[in-house]
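Structure, as C-alpha coordinates:
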Number of protein chains: 2
Amino acid sequence: MRKKYSLIEQLNPEYDLFLPSLSVDCVIFGFHANQLKVLLLKPEHHKKWALPGGFVYKDENVEDAATRILQHRTQLKDIFLKQFHLFGSAKRTRQKHAKKLLEDSGIPDVENHWILQRFVSAGYYALVEYFNVHPTHDEISTECCWTDLDKLPELIIDHKEIIEKALRTLQLDLNYEPIGYNLLPADFTMKELQSIYETILGKKLDRSNFQRKILSYGILTKKEKQYSGGAHKAPFLYSFNKIKYYKALKNGLEKEWY
Amino acid sequence: MRKKYSLIEQLNPEYDLFLPSLSVDCVIFGFHANQLKVLLLKPEHHKKWALPGGFVYKDENVEDAATRILQHRTQLKDIFLKQFHLFGSAKRTRQKHAKKLLEDSGIPDVENHWILQRFVSAGYYALVEYFNVHPTHDEISTECCWTDLDKLPELIIDHKEIIEKALRTLQLDLNYEPIGYNLLPADFTMKELQSIYETILGKKLDRSNFQRKILSYGILTKKEKQYSGGAHKAPFLYSFNKIKYYKALKNGLEKEWY
(Lines give C-alpha, C1' and ligand atoms only; values in the text may rest on other atoms or scores of the structure.)
Protein backbone atom coordinates (compact mmCIF):
# COMPACT_ATOMS: atom_id res chain seq x y z
CA MET A 1 0.00 0.00 0.00
CA ARG A 2 1.18 3.49 -0.83
CA LYS A 3 1.45 5.92 2.09
CA LYS A 4 -1.35 8.51 2.09
CA TYR A 5 -0.32 12.13 1.78
CA SER A 6 -2.54 15.18 1.74
CA LEU A 7 -2.60 17.17 -1.50
CA ILE A 8 -0.34 19.78 0.08
CA GLU A 9 2.09 17.17 1.39
CA GLN A 10 2.29 15.65 -2.08
CA LEU A 11 3.79 18.90 -3.31
CA ASN A 12 6.69 18.70 -0.88
CA PRO A 13 9.73 18.05 -3.08
CA GLU A 14 11.37 16.02 -0.32
CA TYR A 15 8.95 13.17 -0.93
CA ASP A 16 9.75 13.00 -4.67
CA LEU A 17 6.58 10.98 -5.28
CA PHE A 18 5.69 11.63 -8.90
CA LEU A 19 6.96 11.12 -12.42
CA PRO A 20 8.40 14.46 -13.48
CA SER A 21 6.75 16.48 -16.29
CA LEU A 22 3.67 14.28 -16.62
CA SER A 23 0.16 15.12 -15.42
CA VAL A 24 -3.28 13.60 -15.95
CA ASP A 25 -6.39 15.65 -16.71
CA CYS A 26 -9.90 14.17 -16.55
CA VAL A 27 -12.83 15.41 -18.59
CA ILE A 28 -15.76 14.00 -16.59
CA PHE A 29 -18.96 14.13 -18.65
CA GLY A 30 -22.43 14.01 -17.12
CA PHE A 31 -25.87 14.41 -18.67
CA HIS A 32 -28.77 16.29 -17.12
CA ALA A 33 -31.82 18.16 -18.45
CA ASN A 34 -30.80 17.49 -22.06
CA GLN A 35 -27.42 19.10 -21.48
CA LEU A 36 -23.99 17.55 -21.64
CA LYS A 37 -22.04 18.74 -18.61
CA VAL A 38 -18.46 18.65 -17.47
CA LEU A 39 -17.09 18.69 -13.92
CA LEU A 40 -14.87 21.71 -13.19
CA LEU A 41 -12.81 22.93 -10.24
CA LYS A 42 -11.81 26.41 -9.19
CA PRO A 43 -8.19 26.14 -8.02
CA GLU A 44 -7.24 28.28 -5.05
CA HIS A 45 -5.59 31.60 -5.97
CA HIS A 46 -6.95 31.36 -9.47
CA LYS A 47 -9.61 33.28 -11.35
CA LYS A 48 -9.98 30.62 -14.01
CA TRP A 49 -11.45 27.14 -13.73
CA ALA A 50 -9.68 23.84 -14.29
CA LEU A 51 -10.28 20.19 -15.04
CA PRO A 52 -9.78 17.74 -12.18
CA GLY A 53 -6.29 16.36 -12.54
CA GLY A 54 -3.24 15.08 -10.77
CA PHE A 55 0.13 13.41 -11.11
CA VAL A 56 1.42 9.88 -11.62
CA TYR A 57 3.28 8.11 -8.79
CA LYS A 58 6.70 6.85 -9.83
CA ASP A 59 5.56 3.22 -9.46
CA GLU A 60 2.04 3.69 -10.80
CA ASN A 61 0.62 2.90 -14.25
CA VAL A 62 -0.68 6.06 -15.92
CA GLU A 63 -4.06 4.31 -16.36
CA ASP A 64 -4.23 3.61 -12.61
CA ALA A 65 -3.38 7.23 -11.85
CA ALA A 66 -6.32 8.38 -13.97
CA THR A 67 -8.63 5.92 -12.20
CA ARG A 68 -7.37 7.08 -8.81
CA ILE A 69 -7.85 10.77 -9.67
CA LEU A 70 -11.34 10.07 -10.97
CA GLN A 71 -12.35 8.03 -7.90
CA HIS A 72 -10.97 10.66 -5.57
CA ARG A 73 -13.09 13.27 -7.31
CA THR A 74 -16.34 11.35 -7.85
CA GLN A 75 -16.20 8.69 -5.10
CA LEU A 76 -17.39 6.29 -7.82
CA LYS A 77 -15.95 2.96 -8.89
CA ASP A 78 -16.29 1.10 -12.21
CA ILE A 79 -16.54 4.24 -14.27
CA PHE A 80 -16.17 4.34 -18.05
CA LEU A 81 -12.79 6.02 -18.48
CA LYS A 82 -10.76 6.36 -21.67
CA GLN A 83 -7.44 7.92 -22.56
CA PHE A 84 -7.90 10.11 -25.61
CA HIS A 85 -4.87 12.35 -26.18
CA LEU A 86 -1.52 13.49 -24.87
CA PHE A 87 -1.29 17.28 -24.71
CA GLY A 88 2.33 18.08 -25.38
CA SER A 89 2.72 21.76 -26.15
CA ALA A 90 6.00 23.16 -24.83
CA LYS A 91 4.05 26.07 -23.37
CA ARG A 92 2.13 23.98 -20.84
CA THR A 93 3.16 25.51 -17.50
CA ARG A 94 1.11 27.06 -14.73
CA GLN A 95 3.67 29.29 -13.09
CA LYS A 96 1.70 31.99 -11.35
CA HIS A 97 -1.09 30.11 -9.67
CA ALA A 98 1.13 27.25 -8.55
CA LYS A 99 3.75 29.59 -7.08
CA LYS A 100 1.20 31.29 -4.86
CA LEU A 101 -0.14 27.93 -3.69
CA LEU A 102 3.34 26.70 -2.82
CA GLU A 103 4.24 29.86 -0.92
CA ASP A 104 1.01 29.74 1.07
CA SER A 105 1.63 26.11 1.92
CA GLY A 106 5.12 26.77 3.29
CA ILE A 107 6.81 24.56 0.67
CA PRO A 108 10.59 25.18 0.58
CA ASP A 109 12.59 26.31 -2.49
CA VAL A 110 9.55 27.48 -4.44
CA GLU A 111 11.51 28.88 -7.40
CA ASN A 112 12.86 25.48 -8.45
CA HIS A 113 9.77 23.46 -7.61
CA TRP A 114 8.89 20.67 -10.05
CA ILE A 115 5.32 21.85 -10.39
CA LEU A 116 6.50 25.11 -12.01
CA GLN A 117 8.12 23.24 -14.87
CA ARG A 118 6.56 22.22 -18.12
CA PHE A 119 3.97 19.42 -17.94
CA VAL A 120 2.84 17.08 -20.66
CA SER A 121 -0.70 15.98 -19.84
CA ALA A 122 -2.50 12.73 -20.55
CA GLY A 123 -6.18 13.47 -21.24
CA TYR A 124 -8.80 10.95 -20.09
CA TYR A 125 -12.53 11.28 -20.51
CA ALA A 126 -15.10 9.68 -18.24
CA LEU A 127 -18.83 9.11 -18.58
CA VAL A 128 -20.72 9.14 -15.28
CA GLU A 129 -24.31 9.20 -14.12
CA TYR A 130 -24.99 12.81 -13.18
CA PHE A 131 -26.93 12.14 -9.97
CA ASN A 132 -24.28 9.77 -8.62
CA VAL A 133 -21.71 12.53 -8.35
CA HIS A 134 -21.83 15.04 -5.52
CA PRO A 135 -19.31 17.69 -6.55
CA THR A 136 -17.07 18.62 -3.63
CA HIS A 137 -13.98 20.78 -3.73
CA ASP A 138 -10.75 19.79 -1.99
CA GLU A 139 -8.07 21.53 0.05
CA ILE A 140 -6.48 23.21 -2.97
CA SER A 141 -9.68 24.33 -4.71
CA THR A 142 -12.53 26.57 -3.63
CA GLU A 143 -15.38 25.30 -5.82
CA CYS A 144 -16.37 22.21 -7.76
CA CYS A 145 -19.43 21.97 -9.97
CA TRP A 146 -21.08 20.70 -13.11
CA THR A 147 -21.00 23.18 -16.00
CA ASP A 148 -22.91 23.09 -19.27
CA LEU A 149 -20.57 22.25 -22.09
CA ASP A 150 -21.84 25.20 -24.13
CA LYS A 151 -21.37 27.67 -21.27
CA LEU A 152 -17.80 27.02 -20.23
CA PRO A 153 -16.14 29.69 -18.06
CA GLU A 154 -12.55 30.80 -18.65
CA LEU A 155 -10.22 27.83 -18.18
CA ILE A 156 -6.53 27.56 -17.27
CA ILE A 157 -3.79 26.69 -19.78
CA ASP A 158 -5.22 24.52 -22.60
CA HIS A 159 -8.09 22.98 -20.62
CA LYS A 160 -10.68 24.32 -23.07
CA GLU A 161 -8.84 22.60 -25.90
CA ILE A 162 -8.69 19.42 -23.81
CA ILE A 163 -12.49 19.47 -23.33
CA GLU A 164 -13.09 20.12 -27.04
CA LYS A 165 -10.82 17.24 -28.03
CA ALA A 166 -12.55 14.99 -25.48
CA LEU A 167 -15.93 15.84 -27.00
CA ARG A 168 -14.74 15.18 -30.56
CA THR A 169 -13.33 11.84 -29.44
CA LEU A 170 -16.56 10.94 -27.66
CA GLN A 171 -18.53 11.78 -30.81
CA LEU A 172 -16.33 9.49 -32.91
CA ASP A 173 -16.29 6.73 -30.27
CA LEU A 174 -20.09 6.65 -30.24
CA ASN A 175 -19.88 5.43 -33.83
CA TYR A 176 -18.35 2.11 -32.93
CA GLU A 177 -18.84 1.67 -29.20
CA PRO A 178 -22.28 1.89 -27.58
CA ILE A 179 -21.00 3.82 -24.55
CA GLY A 180 -23.79 6.38 -24.22
CA TYR A 181 -25.63 4.32 -21.56
CA ASN A 182 -22.84 5.12 -19.08
CA LEU A 183 -24.42 8.55 -18.68
CA LEU A 184 -27.79 7.09 -17.62
CA PRO A 185 -29.20 5.37 -14.54
CA ALA A 186 -29.42 1.56 -14.54
CA ASP A 187 -32.88 1.61 -16.16
CA PHE A 188 -33.64 3.97 -19.02
CA THR A 189 -36.02 4.46 -21.91
CA MET A 190 -35.00 4.38 -25.55
CA LYS A 191 -35.98 8.03 -25.75
CA GLU A 192 -33.57 8.97 -22.97
CA LEU A 193 -30.75 7.08 -24.66
CA GLN A 194 -31.50 8.71 -28.03
CA SER A 195 -31.59 12.12 -26.40
CA ILE A 196 -28.05 11.59 -25.08
CA TYR A 197 -26.79 10.64 -28.52
CA GLU A 198 -28.52 13.65 -30.06
CA THR A 199 -26.99 16.01 -27.52
CA ILE A 200 -23.47 14.63 -27.90
CA LEU A 201 -23.62 14.54 -31.69
CA GLY A 202 -25.41 17.89 -31.85
CA LYS A 203 -28.15 16.77 -34.24
CA LYS A 204 -31.53 15.04 -34.42
CA LEU A 205 -31.54 11.33 -35.16
CA ASP A 206 -34.20 9.23 -36.81
CA ARG A 207 -36.03 7.32 -34.05
CA SER A 208 -36.42 3.96 -35.76
CA ASN A 209 -32.90 3.97 -37.27
CA PHE A 210 -31.43 4.76 -33.87
CA GLN A 211 -33.39 2.02 -32.13
CA ARG A 212 -32.46 -0.54 -34.77
CA LYS A 213 -28.75 0.26 -34.58
CA ILE A 214 -28.53 0.38 -30.81
CA LEU A 215 -30.44 -2.89 -30.45
CA SER A 216 -28.27 -4.54 -33.14
CA TYR A 217 -25.37 -4.52 -30.67
CA GLY A 218 -27.39 -6.99 -28.60
CA ILE A 219 -26.23 -5.53 -25.32
CA LEU A 220 -29.46 -4.05 -23.96
CA THR A 221 -32.05 -5.98 -21.97
CA LYS A 222 -35.68 -4.99 -22.36
CA LYS A 223 -37.49 -5.04 -19.03
CA GLU A 224 -40.96 -6.47 -18.41
CA LYS A 225 -43.43 -3.60 -18.54
CA GLN A 226 -44.75 -2.50 -15.17
CA TYR A 227 -48.48 -1.86 -15.02
CA SER A 228 -48.55 1.91 -14.72
CA GLY A 229 -52.26 2.36 -14.07
CA GLY A 230 -52.34 5.46 -16.28
CA ALA A 231 -54.21 5.96 -19.50
CA HIS A 232 -51.04 6.44 -21.58
CA LYS A 233 -48.73 3.71 -22.67
CA ALA A 234 -45.66 3.62 -20.44
CA PRO A 235 -42.44 3.28 -22.45
CA PHE A 236 -40.30 0.16 -22.22
CA LEU A 237 -37.36 0.33 -19.86
CA TYR A 238 -33.97 -0.99 -20.91
CA SER A 239 -30.87 -1.85 -18.98
CA PHE A 240 -27.34 -2.45 -20.07
CA ASN A 241 -26.33 -6.12 -19.97
CA LYS A 242 -22.70 -6.54 -18.92
CA ILE A 243 -22.46 -10.23 -19.76
CA LYS A 244 -23.83 -9.70 -23.25
CA TYR A 245 -21.49 -6.75 -23.64
CA TYR A 246 -18.32 -8.71 -22.91
CA LYS A 247 -19.52 -11.51 -25.15
CA ALA A 248 -20.16 -9.01 -27.95
CA LEU A 249 -16.75 -7.40 -27.39
CA LYS A 250 -15.10 -10.79 -27.87
CA ASN A 251 -16.88 -11.29 -31.17
CA GLY A 252 -15.84 -7.86 -32.39
CA LEU A 253 -18.35 -5.29 -31.29
CA GLU A 254 -17.15 -2.64 -33.65
CA LYS A 255 -19.39 -1.74 -36.54
CA GLU A 256 -17.34 -1.12 -39.60
CA TRP A 257 -18.08 1.54 -42.09
CA TYR A 258 -16.85 -0.49 -45.05
CA MET B 1 18.07 26.92 -33.88
CA ARG B 2 18.82 24.06 -31.53
CA LYS B 3 22.45 22.92 -31.35
CA LYS B 4 23.04 19.62 -33.13
CA TYR B 5 24.27 16.73 -31.01
CA SER B 6 25.07 13.20 -32.14
CA LEU B 7 22.84 10.46 -30.71
CA ILE B 8 25.62 9.49 -28.28
CA GLU B 9 26.18 13.09 -27.22
CA GLN B 10 22.47 13.45 -26.53
CA LEU B 11 22.78 10.80 -23.85
CA ASN B 12 25.37 12.81 -21.92
CA PRO B 13 23.56 13.85 -18.72
CA GLU B 14 25.56 17.08 -18.60
CA TYR B 15 23.57 18.47 -21.51
CA ASP B 16 20.20 17.80 -19.81
CA LEU B 17 18.41 18.18 -23.13
CA PHE B 18 15.21 16.18 -22.77
CA LEU B 19 12.00 16.04 -20.79
CA PRO B 20 12.51 13.33 -18.19
CA SER B 21 10.45 10.10 -18.31
CA LEU B 22 8.86 10.77 -21.71
CA SER B 23 9.75 9.09 -24.99
CA VAL B 24 8.18 8.96 -28.45
CA ASP B 25 7.79 5.77 -30.48
CA CYS B 26 6.86 5.79 -34.17
CA VAL B 27 5.02 2.99 -35.94
CA ILE B 28 5.88 3.71 -39.57
CA PHE B 29 3.58 1.79 -41.90
CA GLY B 30 4.41 1.07 -45.53
CA PHE B 31 2.63 -1.06 -48.14
CA HIS B 32 4.32 -3.34 -50.64
CA ALA B 33 3.37 -6.53 -52.50
CA ASN B 34 -0.03 -6.64 -50.80
CA GLN B 35 1.60 -6.60 -47.38
CA LEU B 36 1.39 -4.00 -44.67
CA LYS B 37 4.89 -3.39 -43.36
CA VAL B 38 6.43 -1.63 -40.42
CA LEU B 39 9.91 -0.09 -40.12
CA LEU B 40 12.05 -1.69 -37.39
CA LEU B 41 15.51 -1.10 -35.94
CA LYS B 42 17.95 -3.46 -34.27
CA PRO B 43 19.45 -1.51 -31.37
CA GLU B 44 23.11 -2.13 -30.67
CA HIS B 45 23.76 -4.69 -27.91
CA HIS B 46 20.28 -6.05 -28.27
CA LYS B 47 18.89 -9.29 -29.63
CA LYS B 48 15.41 -7.90 -30.05
CA TRP B 49 14.11 -5.33 -32.49
CA ALA B 50 12.62 -1.93 -31.70
CA LEU B 51 10.46 0.83 -33.13
CA PRO B 52 12.23 4.02 -34.18
CA GLY B 53 11.90 6.42 -31.30
CA GLY B 54 13.48 9.23 -29.37
CA PHE B 55 13.05 11.85 -26.71
CA VAL B 56 11.44 15.29 -26.45
CA TYR B 57 13.63 18.39 -26.05
CA LYS B 58 12.74 20.47 -23.03
CA ASP B 59 11.52 23.33 -25.24
CA GLU B 60 9.94 21.20 -27.96
CA ASN B 61 6.28 20.31 -28.55
CA VAL B 62 5.76 16.54 -28.35
CA GLU B 63 4.19 16.67 -31.83
CA ASP B 64 7.33 18.35 -33.21
CA ALA B 65 9.52 15.73 -31.57
CA ALA B 66 7.56 12.99 -33.33
CA THR B 67 7.91 14.81 -36.66
CA ARG B 68 11.64 15.28 -36.09
CA ILE B 69 12.18 11.61 -35.20
CA LEU B 70 10.19 10.52 -38.24
CA GLN B 71 12.07 12.85 -40.60
CA HIS B 72 15.42 11.76 -39.21
CA ARG B 73 14.49 8.15 -39.89
CA THR B 74 12.79 8.45 -43.29
CA GLN B 75 14.31 11.67 -44.72
CA LEU B 76 10.74 12.51 -45.76
CA LYS B 77 8.72 15.64 -45.16
CA ASP B 78 4.93 16.13 -45.10
CA ILE B 79 4.20 12.68 -43.83
CA PHE B 80 0.84 11.60 -42.44
CA LEU B 81 1.58 11.27 -38.71
CA LYS B 82 -0.90 10.78 -35.90
CA GLN B 83 -0.61 10.39 -32.15
CA PHE B 84 -2.65 7.38 -31.08
CA HIS B 85 -1.87 6.37 -27.49
CA LEU B 86 0.27 7.04 -24.44
CA PHE B 87 1.86 3.86 -23.13
CA GLY B 88 2.09 4.33 -19.40
CA SER B 89 2.83 1.01 -17.72
CA ALA B 90 5.05 1.41 -14.66
CA LYS B 91 7.20 -1.44 -15.97
CA ARG B 92 8.44 0.42 -19.03
CA THR B 93 12.24 0.45 -18.56
CA ARG B 94 15.07 -0.84 -20.72
CA GLN B 95 17.78 -1.34 -18.16
CA LYS B 96 20.13 -3.91 -19.65
CA HIS B 97 20.51 -2.80 -23.22
CA ALA B 98 20.76 0.89 -22.33
CA LYS B 99 23.39 0.28 -19.65
CA LYS B 100 25.66 -1.49 -22.09
CA LEU B 101 25.25 1.28 -24.63
CA LEU B 102 26.11 3.94 -22.04
CA GLU B 103 29.18 2.08 -20.81
CA ASP B 104 30.46 1.56 -24.34
CA SER B 105 29.95 5.24 -25.09
CA GLY B 106 31.97 6.40 -22.09
CA ILE B 107 29.02 8.18 -20.48
CA PRO B 108 29.73 9.03 -16.81
CA ASP B 109 27.64 7.86 -13.80
CA VAL B 110 25.85 5.10 -15.71
CA GLU B 111 23.97 3.71 -12.69
CA ASN B 112 21.92 6.88 -12.18
CA HIS B 113 21.48 7.75 -15.83
CA TRP B 114 18.06 9.11 -16.81
CA ILE B 115 17.67 6.62 -19.64
CA LEU B 116 17.59 3.75 -17.14
CA GLN B 117 14.51 5.11 -15.44
CA ARG B 118 10.92 4.45 -16.28
CA PHE B 119 9.64 5.98 -19.54
CA VAL B 120 6.11 6.80 -20.53
CA SER B 121 5.91 6.68 -24.31
CA ALA B 122 3.76 8.64 -26.75
CA GLY B 123 2.86 6.41 -29.69
CA TYR B 124 2.57 7.95 -33.17
CA TYR B 125 1.76 6.13 -36.35
CA ALA B 126 2.84 7.27 -39.80
CA LEU B 127 1.77 6.24 -43.30
CA VAL B 128 4.49 6.51 -45.92
CA GLU B 129 5.05 5.46 -49.49
CA TYR B 130 7.16 2.33 -49.31
CA PHE B 131 9.54 3.15 -52.15
CA ASN B 132 10.28 6.63 -50.81
CA VAL B 133 11.97 5.27 -47.71
CA HIS B 134 15.49 3.88 -47.84
CA PRO B 135 15.93 2.18 -44.46
CA THR B 136 19.29 3.08 -42.93
CA HIS B 137 20.47 2.30 -39.42
CA ASP B 138 22.16 4.90 -37.24
CA GLU B 139 25.10 5.01 -34.83
CA ILE B 140 23.20 3.23 -32.06
CA SER B 141 21.56 0.53 -34.17
CA THR B 142 22.96 -2.19 -36.41
CA GLU B 143 20.06 -2.81 -38.79
CA CYS B 144 16.97 -1.06 -40.08
CA CYS B 145 14.40 -2.65 -42.36
CA TRP B 146 10.80 -3.10 -43.39
CA THR B 147 9.12 -6.11 -41.79
CA ASP B 148 5.80 -7.75 -42.67
CA LEU B 149 3.26 -6.97 -40.00
CA ASP B 150 2.32 -10.64 -39.72
CA LYS B 151 5.94 -11.78 -39.37
CA LEU B 152 7.18 -9.54 -36.55
CA PRO B 153 10.40 -10.61 -34.85
CA GLU B 154 10.82 -10.42 -31.06
CA LEU B 155 10.50 -6.79 -29.96
CA ILE B 156 11.76 -4.90 -26.90
CA ILE B 157 9.55 -3.87 -23.97
CA ASP B 158 5.94 -3.34 -25.16
CA HIS B 159 6.75 -2.48 -28.78
CA LYS B 160 4.63 -5.38 -30.06
CA GLU B 161 1.67 -4.01 -28.12
CA ILE B 162 2.39 -0.53 -29.52
CA ILE B 163 2.30 -1.87 -33.09
CA GLU B 164 -0.95 -3.77 -32.44
CA LYS B 165 -2.60 -0.70 -30.95
CA ALA B 166 -1.39 1.40 -33.90
CA LEU B 167 -2.95 -1.08 -36.33
CA ARG B 168 -6.28 -1.14 -34.46
CA THR B 169 -6.31 2.67 -34.47
CA LEU B 170 -5.51 2.79 -38.18
CA GLN B 171 -8.36 0.35 -38.87
CA LEU B 172 -10.81 2.55 -36.97
CA ASP B 173 -9.45 5.78 -38.47
CA LEU B 174 -10.01 4.42 -41.98
CA ASN B 175 -13.73 4.48 -41.17
CA TYR B 176 -13.96 8.22 -41.02
CA GLU B 177 -10.78 9.57 -42.63
CA PRO B 178 -9.71 8.58 -46.15
CA ILE B 179 -6.04 8.29 -45.22
CA GLY B 180 -5.17 5.10 -47.09
CA TYR B 181 -3.83 7.00 -50.12
CA ASN B 182 -0.82 8.09 -48.01
CA LEU B 183 0.61 4.62 -48.55
CA LEU B 184 0.51 4.95 -52.36
CA PRO B 185 2.46 6.86 -55.02
CA ALA B 186 0.99 10.13 -56.32
CA ASP B 187 -1.02 8.33 -59.04
CA PHE B 188 -2.83 5.11 -58.25
CA THR B 189 -5.65 2.91 -59.49
CA MET B 190 -8.85 2.27 -57.57
CA LYS B 191 -7.81 -1.38 -57.36
CA GLU B 192 -4.55 -0.46 -55.63
CA LEU B 193 -6.36 1.73 -53.13
CA GLN B 194 -8.93 -0.97 -52.40
CA SER B 195 -6.14 -3.51 -51.94
CA ILE B 196 -4.63 -1.32 -49.22
CA TYR B 197 -7.93 -1.05 -47.39
CA GLU B 198 -8.46 -4.80 -47.65
CA THR B 199 -5.02 -5.53 -46.27
CA ILE B 200 -5.36 -3.12 -43.34
CA LEU B 201 -8.88 -4.24 -42.46
CA GLY B 202 -8.04 -7.89 -43.05
CA LYS B 203 -11.04 -8.66 -45.26
CA LYS B 204 -12.37 -8.48 -48.81
CA LEU B 205 -14.46 -5.43 -49.71
CA ASP B 206 -17.17 -5.09 -52.30
CA ARG B 207 -15.66 -3.27 -55.31
CA SER B 208 -18.56 -0.98 -56.19
CA ASN B 209 -19.38 -0.13 -52.56
CA PHE B 210 -15.76 0.76 -51.92
CA GLN B 211 -15.49 2.94 -55.01
CA ARG B 212 -18.75 4.74 -54.20
CA LYS B 213 -17.70 5.48 -50.62
CA ILE B 214 -14.19 6.61 -51.41
CA LEU B 215 -15.39 8.87 -54.23
CA SER B 216 -18.13 10.32 -52.00
CA TYR B 217 -15.43 12.12 -50.01
CA GLY B 218 -14.79 14.16 -53.14
CA ILE B 219 -11.05 14.32 -52.57
CA LEU B 220 -9.75 12.21 -55.45
CA THR B 221 -9.07 13.52 -58.93
CA LYS B 222 -9.60 11.19 -61.85
CA LYS B 223 -6.85 11.57 -64.44
CA GLU B 224 -7.35 11.70 -68.19
CA LYS B 225 -6.82 8.24 -69.57
CA GLN B 226 -3.55 7.76 -71.45
CA TYR B 227 -3.81 5.84 -74.69
CA SER B 228 -2.12 2.58 -73.73
CA GLY B 229 -1.97 1.01 -77.16
CA GLY B 230 -2.82 -2.39 -75.73
CA ALA B 231 -5.87 -4.51 -76.36
CA HIS B 232 -7.04 -4.35 -72.75
CA LYS B 233 -8.66 -1.38 -71.13
CA ALA B 234 -6.16 0.49 -68.97
CA PRO B 235 -7.60 1.37 -65.57
CA PHE B 236 -8.22 4.98 -64.59
CA LEU B 237 -5.55 6.65 -62.52
CA TYR B 238 -6.51 8.75 -59.50
CA SER B 239 -4.58 11.25 -57.45
CA PHE B 240 -5.28 12.78 -54.08
CA ASN B 241 -6.42 16.41 -54.30
CA LYS B 242 -5.09 18.46 -51.39
CA ILE B 243 -7.22 21.53 -52.06
CA LYS B 244 -10.41 19.48 -52.19
CA TYR B 245 -9.29 17.67 -49.04
CA TYR B 246 -8.90 20.81 -46.95
CA LYS B 247 -12.19 22.12 -48.28
CA ALA B 248 -13.90 18.85 -47.33
CA LEU B 249 -12.27 18.92 -43.89
CA LYS B 250 -13.75 22.34 -43.29
CA ASN B 251 -17.22 21.10 -44.16
CA GLY B 252 -16.88 18.12 -41.84
CA LEU B 253 -15.27 15.28 -43.69
CA GLU B 254 -16.24 12.66 -41.16
CA LYS B 255 -18.87 10.17 -42.17
CA GLU B 256 -21.12 9.46 -39.25
CA TRP B 257 -22.50 6.12 -38.46
CA TYR B 258 -25.78 7.50 -37.12
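The values are calculated or read from the model by the stated rules, or taken from the named source; none is laboratory data. Since we're looking at a predicted model, the values are computed, not measured. Note that we place each Cβ from the backbone using ideal geometry, even for glycine, and neighbour counts take in every protein chain shown. Note: accessible area is taken over every heavy atom of the protein model, side chains too, but ligands, DNA and RNA are not part of it. Shrake-Rupley method; radii C 1.70, N 1.55, O 1.52, S 1.80 Å.
Quick rundown of the values:
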item: Region A:181-204 - residue that is open to solvent by less than 50 Å² (accessible area, probe 1.4 Å) and free of Cβ contacts under 8 Å to residues at least 40 places away in the same chain and, of those, nearest to B:Thr169 (Cα to Cα); result: A:Leu201
item: Residues of region B:84-105 satisfying the condition of being at pLDDT 80 or above, part of a loop (DSSP other than H, G, I, E, B) and open to solvent by 60 Å² or more (accessible area, probe 1.4 Å); result: B:Lys91
item: When residues of region B:143-155 are limited to those that are buried (at least 17 other Cβ atoms within 10 Å of the Cβ) and within 13 Å of B:Pro43 (Cβ to Cβ), the one modelled with the highest pLDDT; result: B:Leu155
item: Unmet criterion (only one of (1) among the polar types (S, T, N, Q); (2) in contact (Cβ under 8 Å) with a residue 24 or more places away in the chain; (3) closer than 20 Å to B:Asp59 by Cα) for A:Thr74; result: (3)
item: Residue check for B:Ala122: open to solvent by less than 60 Å² (accessible area, probe 1.4 Å) and in a strand (DSSP E or B); result: yes
item: Qualifying residue in region B:188-201 (condition: assigned to a strand (DSSP E or B) and closer than 27 Å to B:Glu44 by Cα); result: no
item: Subset tally (residues that are assigned to a loop (DSSP other than H, G, I, E, B) and β-branched (Val, Ile, Thr)) for region B:204-219; result: 1
item: Residue within region B:172-187 that is among the polar types (S, T, N, Q) and under 26 Å from B:Leu51 (Cβ atoms) present; result: yes
item: Conditions (1) part of a helix (DSSP H, G or I); (2) away from chain A (no Cβ under 14 Å); (3) surrounded by 18 or more Cβ atoms within 10 Å (Cβ to Cβ); number of the one not met by B:Phe131; result: (3)
item: Flag for A:Phe29 being more than 30 Å from B:Lys91 (Cβ to Cβ) and assigned to a strand (DSSP E or B); result: yes
item: Among residues of region A:62-74, those that are within 14 Å of chain B (Cβ to nearest Cβ) and over 12 Å from A:Ser23 (Cα atoms), counted; result: 3
item: Single match in B:Lys77, B:Lys4, B:Lys58 (criterion: within 10 Å of another protein chain (Cβ to nearest Cβ) and open to solvent by 10 Å² or more (accessible area, probe 1.4 Å)); result: B:Lys58
item: Matching residues in region A:149-187 - criterion: being part of a helix (DSSP H, G or I) and of a type in the set (Ser, Thr, Tyr); result: A:Thr169, A:Tyr181
item: Single condition B:Leu40 does not satisfy, out of (1) of a type outside the set (Phe, Trp, Tyr); (2) assigned to a strand (DSSP E or B); (3) out of contact with any Asp or Glu (no Cβ under 9 Å at 6 or more places or on another chain); (4) more than 14 Å from chain A (Cβ to nearest Cβ); result: (3)
item: Filter result for A:Phe119 (within 14 Å of another protein chain (Cβ to nearest Cβ), within 30 Å of B:Phe55 (Cβ to Cβ), in contact with a helix residue (DSSP H, G or I) (Cβ under 7 Å, 6 or more places away or on another chain) and not small (Gly, Ala, Ser)); result: no
item: Selected residue (only one of A:Arg207, A:Arg212, A:Arg168 is closer than 27 Å to A:His85 by Cα and without any contact (Cβ under 8 Å) to a residue 24 or more places away in the chain); result: A:Arg168
item: Hits in region A:166-209 (condition: within 21 Å of A:Trp146 (Cβ to Cβ), of a type outside the set (A, V, I, L, M) and more than 10 Å from every other protein chain (Cβ to nearest Cβ)); result: A:Thr169, A:Gly180, A:Tyr181, A:Asn182, A:Pro185, A:Phe188, A:Glu192, A:Ser195, A:Thr199, A:Gly202
item: Condition met for A:Ile163 (surrounded by 17 or more Cβ atoms within 10 Å (Cβ to Cβ) and either within 14 Å of another protein chain (Cβ to nearest Cβ) or more than 30 Å from A:Tyr5 (Cα to Cα) (or both)); result: no
item: Residue, surrounded by the most Cβ atoms within 10 Å (Cβ to Cβ), within region B:227-258, restricted to residues that are of a type in the set (Ser, Thr, Tyr), modelled with pLDDT of 75 or more and farther than 30 Å from A:Glu177 by Cα; result: B:Tyr238
item: Some residue of region A:38-46 being of a type in the set (A, V, I, L, M, F, W, C) and more than 30 Å from A:Ala186 (Cβ to Cβ); result: no
item: Test: residue in region B:35-45 that is modelled with pLDDT under 90, of a type in the set (Asp, Glu) and open to solvent by less than 70 Å² (accessible area, probe 1.4 Å); result: yes
